[in-house]
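Read the structure below first, then the notes.
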Amino acid sequence: MNKEIQEYLDKVHESDFAMLCEVDRICRKYDIQYYLHGGTFLGAVRHGDFIPWDDDVDILFLRKDYERFLEVFETEAEERFKLLRFEKYPQFFDFITKIADNDLTYESTSFGAEDFYDNRYSHPTLDLFVFDIESDNHKMQLLRLKLLYSLAMGHRPYVDYSKFGPAMKVVAFVLTKIGKCIPFGVIARKYMKIQTEGGIACKAQGNDSDLKTLFISNEQPDPRYWGLDFDAEHLVYGPDTAYIREKEFPIPKEHDKWLKKTYKDYMSLPPEDKRVPMHVNVIKKNEE
C-alpha cells in the first residue's frame, strides 16, 4: 500500500473510530444493544483494529434497538455526525441508514455521482444494519425484497448492467425503467413493510420472538449475507467483546461460528490486489 493511500486511510480510520465511539456512548447511555458487523467485526477479531484497507464502519441492531437508536441519535450526537435515513431522500443509494462524519470530505468516491446525492455520501460513513424476524414464507419475502431493490435502482444516476448475466441483464433493465416511474418513497415504504412482516406476525400470534430465526433485512442482494439465516439464541444474545484501538466493543457471542458462516477461512488475508479501499479515491479536509 503506497504512502498516499496509507495517509488517507489513517485519516479515515480516525473518523471511523470517532463515529463508532459516539455510537457506543449513546447506546450505553440508553441501554441499546448493538454489535460490530461486516468488515468492522472481522477487523476487530482478526486485527484487533480496523482492517487496514477498510474505509467504513458496519454495526448491527435488532429491530427494536435500531428504532430506539434512531429516536435518540440526532438529539444526542455531536453536530459533526449526520444521520442519513435512506427513506428521507428521493434518490436511491441503498436501503441502509448511515451516519456520515462531515468533518472529513472526500475529493471523489469509487461510485462517482457525488452531485446526484448532494454530496451526502462524500464523507466517511457508518452503516446501520438491521436484524428482522423471518416471515413464514421467507423465500418469497427475499424475492419481494430483491424485486424492490431492482425497482429502486431506477433512482440511481446510472446502473452498471455489465454485472448481470444475459438473461438477468434484460430483467434488470426492465425493472429499473419501471422503478424510475415510481416515486422512491413509495418503494422505500413497501420495502420497510416487507422487512418487518415476520416480527409483526409474531406479535399478532403472541409468539416469543426471541426464539425466531433472524435475517439481515437491509443487506444488498450479494452472495455473502443475502439469504443467510441466524439463530437468535446462539448467535445474538449474550454478546462477547472485541477490541478496536484498545477500546472494547460488543460482538455476537458465537463469533467464530458467525465469521466462518460469512467469511469461511476468516483468519486468512485476501490476495494483495484485493487489499484496497472500497469506497473512496482521494480526500480533502472540510474547510467549513
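ILE51 passes all but one of (1) in contact with a Leu (Cβ under 9 Å, 6 or more places away or on another chain); (2) under 17 Å from LEU104 (Cβ atoms); which number fails?
Evaluating ILE51 over (1) in contact with a Leu (Cβ under 9 Å, 6 or more places away or on another chain); (2) under 17 Å from LEU104 (Cβ atoms) leaves (2) as the failure.
Being closer than 26 Å to VAL186 by Cα and either at pLDDT 95 or above or surrounded by fewer than 17 Cβ atoms within 10 Å (Cβ to Cβ) (or both) narrows it down to one residue among ILE32, ILE26, ILE99; which is it?
Every option except ILE99 fails the conditions.
Please work out which one of (1) more than 17 Å from LEU259 (Cα to Cα); (2) over 15 Å from the mean Cα position of the chain (by Cα); (3) among the aromatic types (Phe, Trp, Tyr) is the condition PHE50 fails and give its number.
Failing condition for PHE50: (1).
Among the helices (runs of 4 or more DSSP H) confined wholly to region 143-206, which include 2 or more residues that are of a type in the set (D, E, K, R), over 22 Å from PHE116 (Cβ atoms) and touching a Cys at 6+ places or on another chain (Cβ under 6 Å)?
In region 143-206, no matching helices (runs of 4 or more DSSP H) lie anywhere.
Select from region 124-156 the residues that are closer than 26 Å to LYS82 by Cβ and free of Cβ contacts under 8 Å to residues at least 60 places away in the same chain and list them in ascending order.
LEU148
Does region 264-271 contain any residue that is in a strand (DSSP E or B), among the hydrophobic types (A, V, I, L, M, F, W, C), at pLDDT 90 or above and closer than 30 Å to CYS27 by Cβ?
Taking every residue of region 264-271 in turn, none turns out to be in a strand (DSSP E or B), among the hydrophobic types (A, V, I, L, M, F, W, C), at pLDDT 90 or above and closer than 30 Å to CYS27 by Cβ.
Being of a type outside the set (Val, Ile, Thr), under 30 Å from VAL159 (Cβ atoms) and outside any helix (DSSP H, G or I) narrows it down to one of ASP16, ASP94, so name that one.
ASP94
Any idea which of (1) surrounded by fewer than 17 Cβ atoms within 10 Å (Cβ to Cβ); (2) under 24 Å from VAL57 (Cα atoms) is the one ASP160 doesn't satisfy?
(2)
Conditions: (1) without any contact (Cβ under 8 Å) to a residue 40 or more places away in the chain; (2) surrounded by fewer than 17 Cβ atoms within 10 Å (Cβ to Cβ); (3) within 23 Å of ASN102 (Cβ to Cβ). CYS21 meets all but one. Number of the miss?
(1)
The values are calculated or read from the model by the stated rules, or taken from the named source; none is laboratory data. Bear in mind the structure is a predicted one, so any value in this text is a computation, not a measurement. Quick reminder, even Gly has a Cβ in these numbers, built from the backbone with ideal geometry, and neighbours come from all protein chains shown.
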